[in-house]
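In what follows, a structure is listed as structure tokens, so that the remarks can point back to it.
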Amino acid sequence: MIVFILCFILFLVGLFGLLTSRNIIKIIIGLSFMEFSVYLFLVLIGYIEGGQAPIVVKGIDIQMIVDPLPQAMVLTAIVIGLATKAMLLSTAIRIYKKFRSFDIRKIRSLKG
Amino acid sequence: MELTLSVLLLFMIIGAIYALFAEDLLSALISCGIVGYGLVICFLLLKAPDLAIVQIVVETLTLIIMVAVVLDSTRHDLREKVVIHEKGNSYINAKYVFNVLTVLVLALFFLFFFNQAIYKLEAFGEHTTRMATAYIEQGAEKTGSANLVTGIIFDFRGYDTLGEATILFTAVVGVLTILRLKGHK
């Protein structure tokens, strides 16, 4: 129970960073914290106390394996997270080249 | 088990809070690494070795890219202050207060759904596999893979992986387009 609450707190810390910072890099950092907390939450749900890693070896009781389905889903999500973060960072590089600043309040003159 | 994870998560939360309030962007990125690599240890403790390997690679890659971006531009962070002192008189920063209030409202909104979800779930460590039972029982025979996670990703849910590959390709094309030096005037 307490790990779920701590996971939620990590999500809120990321949300705070996402909404209150002016710096684009800080916004990307806050977004990645939210991502991390969701990954951890999904893997925590699938954990079984005393379970083994989901790798089948002859001679091990098959009932005591942690749920492999959330792990497979999170594996997909991590790779997609890398792709979105690369997009965000390249946008940040372009914005810095054009406006000489990471400040989101100076990007109001964006046109076209 | 739960205690170990809680201590790790507390450590990660402290790192996350430091990352958001650091003056130097480089130290903020390094504390972002605390959270990412703490997640790797959490995955190892939760018996998810595939996730730990992928997360280590992804975290190292993102950290290197972000450090390259920051070293190439500026390390100085733009801090928001609650009270602004300007030309002798001081007043409250209304935009910052509004942002913090928005965070509080959203936090209450998410807390409602978190509360709803947490009572539907089993307690930590007492999960019962419903959908994955068939995968666990027949996965090794049907896919021929000893690792059930890769068996699920590439066999039972192969179309998901195809979509993931499409997203990766789109992201690479997008990055190349955004970073292209030549362009229309």
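When B:Tyr91 is tested against the conditions (1) of a type in the set (Phe, Trp, Tyr); (2) surrounded by fewer than 17 Cβ atoms within 10 Å (Cβ to Cβ); (3) under 30 Å from A:Lys58 (Cβ atoms), the lone failure is (3). In the condition set (1) surrounded by 10 or more Cβ atoms within 10 Å (Cβ to Cβ); (2) modelled with pLDDT under 85; (3) not aliphatic (A, V, I, L, M), B:Phe114 is compliant with all but (2).
B:Asn147 falls short on exactly one of the conditions (1) free of Cβ contacts under 8 Å to residues at least 12 places away in the same chain; (2) under 29 Å from A:Glu49 (Cα atoms), and that condition is (1).
Every residue, every condition in (1) of a type in the set (Gly, Ala, Ser); (2) facing chain A (nearest Cβ under 7 Å); (3) surrounded by fewer than 19 Cβ atoms within 10 Å (Cβ to Cβ), yes or no:
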residue	(1), (2), (3)
B:Gly33	yes, no, yes
B:Ile56	no, no, yes
B:Leu61	no, yes, yes
B:Met66	no, yes, no
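The values are calculated or read from the model by the stated rules, or taken from the named source; none is laboratory data. Predicted model only: the values in this text are computed from it and were never measured. Note: ideal-geometry Cβ built from the backbone for every residue, glycine included; neighbour counts use all protein chains shown.
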